[in-house]
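The values are calculated or read from the model by the stated rules, or taken from the named source; none is laboratory data. Since the model is a prediction, treat every value here as computed from it, not as a measurement. Cβ placement follows ideal geometry from the backbone for every residue including glycine, while neighbour counts extend to all protein chains displayed.
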Amino acid sequence: MQRFYIVEKEDQESKRLGQKIKDALILNNKSLDATHPQCVISVGGDGTFLHAVHKFKHHDDVVFVGLHTGTLGFFTDFEADEVDILIENLVNSTPIIESTPLLEVIITQDQIITTLEALNEIRVENIVRTQEIQVYINQEMMEIFRGNGLCVSGQAGSTAYNRSLKGAIIAPGLDVLQLTEISGIHHRAYQSIGSPLVLPKDTLITFISDNFNGAKILYDYHVLDCDNVTKVEIKTSTKKVNMARYRPTSYIKRLHCLF
(Lines give C-alpha, C1' and ligand atoms only; values in the text may rest on other atoms or scores of the structure.)
Protein backbone atom coordinates (compact mmCIF):
# COMPACT_ATOMS: atom_id res chain seq x y z
CA MET A 1 0.00 0.00 0.00
CA GLN A 2 1.46 3.32 -1.10
CA ARG A 3 -1.52 5.70 -1.28
CA PHE A 4 -3.92 6.14 1.64
CA TYR A 5 -6.79 8.28 2.88
CA ILE A 6 -8.31 8.70 6.36
CA VAL A 7 -12.01 9.19 7.20
CA GLU A 8 -12.47 10.37 10.81
CA LYS A 9 -15.36 10.74 13.18
CA GLU A 10 -15.98 14.39 14.18
CA ASP A 11 -14.54 14.27 17.69
CA GLN A 12 -11.18 15.35 19.10
CA GLU A 13 -9.90 11.86 19.94
CA SER A 14 -10.68 10.47 16.49
CA LYS A 15 -9.05 13.48 14.85
CA ARG A 16 -5.97 13.13 17.07
CA LEU A 17 -5.58 9.44 16.22
CA GLY A 18 -6.25 10.12 12.54
CA GLN A 19 -3.51 12.74 12.52
CA LYS A 20 -1.14 10.33 14.26
CA ILE A 21 -1.77 7.68 11.61
CA LYS A 22 -1.33 10.22 8.80
CA ASP A 23 1.94 11.57 10.19
CA ALA A 24 3.34 8.06 10.70
CA LEU A 25 2.42 6.86 7.21
CA ILE A 26 3.84 9.98 5.53
CA LEU A 27 7.02 9.52 7.59
CA ASN A 28 7.23 6.03 6.09
CA ASN A 29 6.97 7.38 2.54
CA LYS A 30 3.26 6.75 2.06
CA SER A 31 1.17 9.31 0.16
CA LEU A 32 -2.08 10.92 1.27
CA ASP A 33 -4.43 10.63 -1.72
CA ALA A 34 -8.05 11.82 -1.54
CA THR A 35 -8.83 10.80 -5.12
CA HIS A 36 -7.47 7.30 -5.75
CA PRO A 37 -6.25 5.78 -2.46
CA GLN A 38 -5.27 2.15 -2.25
CA CYS A 39 -6.22 1.94 1.43
CA VAL A 40 -8.90 3.90 3.32
CA ILE A 41 -8.54 4.01 7.11
CA SER A 42 -11.72 4.64 9.10
CA VAL A 43 -11.24 6.19 12.55
CA GLY A 44 -14.52 6.05 14.47
CA GLY A 45 -17.35 3.53 14.71
CA ASP A 46 -19.44 1.63 12.19
CA GLY A 47 -21.12 4.87 11.07
CA THR A 48 -17.73 6.31 10.12
CA PHE A 49 -16.86 3.07 8.34
CA LEU A 50 -20.07 3.31 6.29
CA HIS A 51 -19.24 6.91 5.34
CA ALA A 52 -15.81 5.74 4.17
CA VAL A 53 -17.34 2.93 2.11
CA HIS A 54 -19.86 5.24 0.41
CA LYS A 55 -17.17 7.79 -0.38
CA PHE A 56 -14.96 5.24 -2.16
CA LYS A 57 -17.25 2.30 -3.05
CA HIS A 58 -16.87 2.94 -6.77
CA HIS A 59 -13.12 2.27 -6.57
CA ASP A 60 -12.67 -1.45 -7.19
CA ASP A 61 -9.05 -1.56 -6.03
CA VAL A 62 -9.42 0.18 -2.64
CA VAL A 63 -9.33 -1.69 0.69
CA PHE A 64 -10.79 -0.55 4.02
CA VAL A 65 -9.54 -0.95 7.58
CA GLY A 66 -11.03 0.49 10.76
CA LEU A 67 -9.78 1.86 14.10
CA HIS A 68 -12.57 1.84 16.67
CA THR A 69 -13.18 5.08 18.58
CA GLY A 70 -16.97 5.16 18.25
CA THR A 71 -20.01 3.55 19.85
CA LEU A 72 -20.17 0.36 17.79
CA GLY A 73 -17.18 -1.25 16.13
CA PHE A 74 -18.45 -4.31 14.31
CA PHE A 75 -16.56 -3.45 11.11
CA THR A 76 -13.37 -2.32 12.84
CA ASP A 77 -10.42 -4.59 13.69
CA PHE A 78 -8.36 -2.33 15.99
CA GLU A 79 -9.22 -0.54 19.23
CA ALA A 80 -8.10 3.04 19.91
CA ASP A 81 -5.26 1.91 22.20
CA GLU A 82 -3.95 -0.31 19.37
CA VAL A 83 -3.22 2.56 17.00
CA ASP A 84 0.52 1.79 17.02
CA ILE A 85 -0.19 -1.84 16.07
CA LEU A 86 -2.38 -0.64 13.21
CA ILE A 87 0.36 1.71 11.98
CA GLU A 88 2.93 -1.10 12.15
CA ASN A 89 0.65 -3.34 10.10
CA LEU A 90 -0.09 -0.64 7.54
CA VAL A 91 3.62 -0.02 7.03
CA ASN A 92 5.04 -3.53 7.14
CA SER A 93 2.35 -6.18 6.67
CA THR A 94 0.28 -7.55 3.81
CA PRO A 95 -3.35 -8.09 4.79
CA ILE A 96 -5.76 -10.83 3.83
CA ILE A 97 -8.51 -9.27 1.72
CA GLU A 98 -12.07 -10.15 2.69
CA SER A 99 -14.67 -9.14 0.11
CA THR A 100 -18.29 -8.43 1.00
CA PRO A 101 -20.91 -7.80 -1.72
CA LEU A 102 -22.98 -4.65 -1.63
CA LEU A 103 -26.75 -4.53 -2.02
CA GLU A 104 -28.15 -2.89 -5.14
CA VAL A 105 -31.48 -1.06 -5.25
CA ILE A 106 -33.12 -0.03 -8.51
CA ILE A 107 -35.78 2.64 -8.03
CA THR A 108 -38.40 3.52 -10.64
CA GLN A 109 -39.69 7.05 -9.95
CA ASP A 110 -41.54 9.22 -12.48
CA GLN A 111 -40.39 6.72 -15.14
CA ILE A 112 -36.77 7.50 -14.22
CA ILE A 113 -34.60 4.60 -13.04
CA THR A 114 -31.99 5.23 -10.33
CA THR A 115 -29.50 2.63 -9.08
CA LEU A 116 -27.90 2.85 -5.62
CA GLU A 117 -25.82 0.59 -3.36
CA ALA A 118 -25.68 -0.14 0.36
CA LEU A 119 -23.50 -2.23 2.65
CA ASN A 120 -25.84 -2.82 5.59
CA GLU A 121 -29.44 -2.64 4.42
CA ILE A 122 -32.09 -1.08 2.20
CA ARG A 123 -35.47 -0.19 3.72
CA VAL A 124 -38.78 1.14 2.49
CA GLU A 125 -40.46 2.68 5.50
CA ASN A 126 -43.53 4.83 6.11
CA ILE A 127 -44.25 6.26 9.57
CA VAL A 128 -47.06 8.53 8.37
CA ARG A 129 -49.57 5.85 7.40
CA THR A 130 -49.92 2.12 6.81
CA GLN A 131 -47.85 1.22 3.77
CA GLU A 132 -49.18 -1.47 1.42
CA ILE A 133 -46.51 -3.27 -0.61
CA GLN A 134 -46.83 -6.08 -3.11
CA VAL A 135 -43.80 -8.31 -2.55
CA TYR A 136 -42.39 -10.32 -5.46
CA ILE A 137 -39.62 -12.91 -5.21
CA ASN A 138 -37.96 -13.49 -8.58
CA GLN A 139 -41.02 -11.87 -10.22
CA GLU A 140 -43.41 -14.27 -8.47
CA MET A 141 -45.85 -12.58 -6.12
CA MET A 142 -45.39 -13.74 -2.54
CA GLU A 143 -47.68 -11.50 -0.50
CA ILE A 144 -49.27 -8.12 0.07
CA PHE A 145 -47.59 -6.56 3.10
CA ARG A 146 -49.28 -3.92 5.25
CA GLY A 147 -47.41 -2.10 7.98
CA ASN A 148 -44.59 0.41 8.38
CA GLY A 149 -42.27 -1.15 5.83
CA LEU A 150 -39.75 -3.78 4.84
CA CYS A 151 -35.99 -4.19 5.24
CA VAL A 152 -33.58 -6.12 3.03
CA SER A 153 -30.10 -6.87 4.33
CA GLY A 154 -27.15 -9.01 3.31
CA GLN A 155 -24.80 -10.96 5.54
CA ALA A 156 -22.85 -7.86 6.57
CA GLY A 157 -25.99 -5.96 7.52
CA SER A 158 -27.66 -8.79 9.40
CA THR A 159 -26.24 -7.41 12.68
CA ALA A 160 -27.37 -3.84 11.97
CA TYR A 161 -30.97 -2.56 11.68
CA ASN A 162 -32.10 -6.06 10.72
CA ARG A 163 -31.14 -7.30 14.19
CA SER A 164 -33.28 -4.58 15.80
CA LEU A 165 -36.19 -5.99 13.79
CA LYS A 166 -35.51 -9.45 15.29
CA GLY A 167 -34.01 -10.70 12.05
CA ALA A 168 -31.48 -13.52 12.01
CA ILE A 169 -27.74 -12.91 12.41
CA ILE A 170 -26.03 -14.46 9.38
CA ALA A 171 -22.52 -15.87 9.77
CA PRO A 172 -19.74 -14.97 7.29
CA GLY A 173 -19.49 -17.22 4.26
CA LEU A 174 -23.28 -17.35 3.83
CA ASP A 175 -24.00 -15.02 0.92
CA VAL A 176 -27.73 -14.51 1.32
CA LEU A 177 -30.41 -11.82 1.37
CA GLN A 178 -32.78 -11.39 4.29
CA LEU A 179 -36.24 -9.82 4.11
CA THR A 180 -37.58 -8.53 7.45
CA GLU A 181 -40.83 -6.77 8.29
CA ILE A 182 -41.05 -3.40 10.03
CA SER A 183 -44.15 -3.36 12.26
CA GLY A 184 -46.31 -5.56 10.07
CA ILE A 185 -50.07 -5.64 10.66
CA HIS A 186 -51.36 -9.09 11.62
CA HIS A 187 -55.01 -9.65 12.42
CA ARG A 188 -58.10 -11.35 10.99
CA ALA A 189 -58.25 -9.12 7.91
CA TYR A 190 -54.54 -8.71 7.06
CA GLN A 191 -51.76 -11.28 7.30
CA SER A 192 -48.24 -11.45 5.91
CA ILE A 193 -45.45 -13.96 6.36
CA GLY A 194 -44.35 -12.35 9.64
CA SER A 195 -41.05 -14.17 10.01
CA PRO A 196 -37.72 -13.02 8.54
CA LEU A 197 -37.17 -14.68 5.16
CA VAL A 198 -33.64 -15.76 4.16
CA LEU A 199 -33.10 -16.09 0.41
CA PRO A 200 -30.24 -17.07 -1.96
CA LYS A 201 -27.90 -14.25 -2.95
CA ASP A 202 -29.06 -14.28 -6.59
CA THR A 203 -32.68 -13.54 -5.61
CA LEU A 204 -34.46 -10.48 -6.99
CA ILE A 205 -36.80 -8.88 -4.43
CA THR A 206 -39.34 -6.42 -5.82
CA PHE A 207 -41.63 -4.00 -3.97
CA ILE A 208 -44.58 -2.52 -5.88
CA SER A 209 -47.28 -0.18 -4.59
CA ASP A 210 -49.95 2.07 -6.04
CA ASN A 211 -48.93 4.69 -3.48
CA PHE A 212 -45.49 5.04 -1.89
CA ASN A 213 -46.14 8.73 -1.09
CA GLY A 214 -44.91 9.64 2.39
CA ALA A 215 -42.58 6.65 2.53
CA LYS A 216 -38.79 6.83 2.57
CA ILE A 217 -36.09 4.69 1.03
CA LEU A 218 -33.26 4.35 3.53
CA TYR A 219 -29.96 2.80 2.46
CA ASP A 220 -27.31 2.74 5.17
CA TYR A 221 -27.37 6.37 6.43
CA HIS A 222 -28.91 7.90 3.27
CA VAL A 223 -32.60 8.82 2.94
CA LEU A 224 -34.70 9.38 -0.20
CA ASP A 225 -38.35 10.37 -0.61
CA CYS A 226 -40.58 7.71 -2.18
CA ASP A 227 -43.14 10.12 -3.66
CA ASN A 228 -44.10 8.97 -7.18
CA VAL A 229 -42.04 5.78 -6.84
CA THR A 230 -43.81 2.81 -8.41
CA LYS A 231 -41.25 0.02 -8.02
CA VAL A 232 -38.23 -0.83 -5.87
CA GLU A 233 -36.01 -3.77 -6.88
CA ILE A 234 -33.30 -5.12 -4.59
CA LYS A 235 -30.60 -7.67 -5.35
CA THR A 236 -27.00 -8.52 -4.59
CA SER A 237 -24.67 -6.13 -6.38
CA THR A 238 -21.71 -7.18 -8.49
CA LYS A 239 -19.73 -4.52 -6.59
CA LYS A 240 -17.90 -5.53 -3.42
CA VAL A 241 -16.27 -3.88 -0.43
CA ASN A 242 -12.73 -5.12 0.17
CA MET A 243 -11.75 -5.21 3.83
CA ALA A 244 -8.08 -5.49 4.83
CA ARG A 245 -7.69 -8.07 7.60
CA TYR A 246 -4.26 -7.71 9.17
CA ARG A 247 -4.97 -10.22 11.90
CA PRO A 248 -7.61 -12.89 12.45
CA THR A 249 -10.62 -11.79 14.48
CA SER A 250 -13.27 -14.42 15.10
CA TYR A 251 -16.87 -13.65 14.24
CA ILE A 252 -17.86 -14.63 17.76
CA LYS A 253 -15.53 -11.94 19.12
CA ARG A 254 -17.09 -9.40 16.75
CA LEU A 255 -20.54 -10.35 18.05
CA HIS A 256 -19.45 -9.40 21.58
CA CYS A 257 -19.60 -5.69 20.64
CA LEU A 258 -23.37 -6.05 20.17
CA PHE A 259 -24.16 -6.85 23.80
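Annotations
- Selection within the range 136-175: residues that are among the β-branched types (Val, Ile, Thr) and surrounded by fewer than 19 Cβ atoms within 10 Å (Cβ to Cβ). The member of this set that is nearest to Ala215 (Cα to Cα) is Ile144.
- Odd one out for Ala24, checked against (1) crowded, with 16+ Cβ neighbours inside 10 Å; (2) closer than 22 Å to Glu121 by Cα: (2)
- A single member of Leu174, Leu150 is of a type in the set (A, V, I, L, M) and touching a Gly at 6+ places or on another chain (Cβ under 9 Å), and it is Leu150.
- Long-range neighbours under 6 Å by Cβ, at least six apart or interchain, first residue assigned by TED's automatic domain parsing to the domain that holds Glu13 and farther than 19 Å from Leu116 by Cα within the range 47-69, second among the hydroxyl-bearing types (Ser, Thr, Tyr) and part of a loop (DSSP other than H, G, I, E, B): Gly66/Thr76; His68/Thr76
- Residues that are surrounded by 19 or more Cβ atoms within 10 Å (Cβ to Cβ) and among the hydroxyl-bearing types (Ser, Thr, Tyr), drawn from the range 40-88: Ser42, Thr48, Thr69, Thr76
- Residue list for the range 199-225, filter: of a type in the set (A, V, I, L, M, F, W, C) and surrounded by fewer than 18 Cβ atoms within 10 Å (Cβ to Cβ): Leu199, Leu204, Val223, Leu224
Yes/no matrix, rows are residues, columns are (1) in contact with a strand residue (DSSP E or B) (Cβ under 8 Å, 6 or more places away or on another chain); (2) modelled with pLDDT of 95 or more; (3) in a helix (DSSP H, G or I):
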site: Met1; (1), (2), (3): yes, no, no
site: Lys15; (1), (2), (3): yes, yes, yes
site: Ile26; (1), (2), (3): yes, yes, yes
site: Leu50; (1), (2), (3): no, yes, yes
site: Phe64; (1), (2), (3): yes, yes, no
site: Val83; (1), (2), (3): yes, yes, yes
site: Glu88; (1), (2), (3): no, yes, yes
site: Leu103; (1), (2), (3): yes, yes, no
site: Thr108; (1), (2), (3): yes, yes, no
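- Count - residues of the range 71-128 that are in contact (Cβ under 8 Å) with a residue 60 or more places away in the chain and farther than 22 Å from Lys30 by Cα: 29
- Search result, residues across the range 232-259 that are of a type outside the set (Val, Ile, Thr), touching a residue at least 60 places away in the same chain (Cβ under 8 Å) and farther than 24 Å from Leu86 by Cβ: Glu233, Lys235, Ser237, Lys239
- Total residues in the range 1-21 satisfying the condition of being of a type in the set (A, V, I, L, M, F, W, C) and surrounded by fewer than 12 Cβ atoms within 10 Å (Cβ to Cβ): the figure is 0.
- Among residues of the range 194-234 being under 16 Å from Glu132 (Cβ atoms) and among the charged types (D, E, K, R), the one that is farthest from the chain's Cα centre (by Cα) is Asp210.
- Members of the range 232-259 that are assigned to a loop (DSSP other than H, G, I, E, B), surrounded by 16 or more Cβ atoms within 10 Å (Cβ to Cβ) and of a type in the set (A, V, I, L, M, F, W, C): none
- Of all the residues in the range 187-198, those that are surrounded by fewer than 16 Cβ atoms within 10 Å (Cβ to Cβ) and in contact with a strand residue (DSSP E or B) (Cβ under 7 Å, 6 or more places away or on another chain) number 3.
- Taken over the range 183-231, the criterion of being of a type in the set (Lys, Arg), part of a loop (DSSP other than H, G, I, E, B) and touching a residue at least 12 places away in the same chain (Cβ under 8 Å) is satisfied by Lys201 alone.
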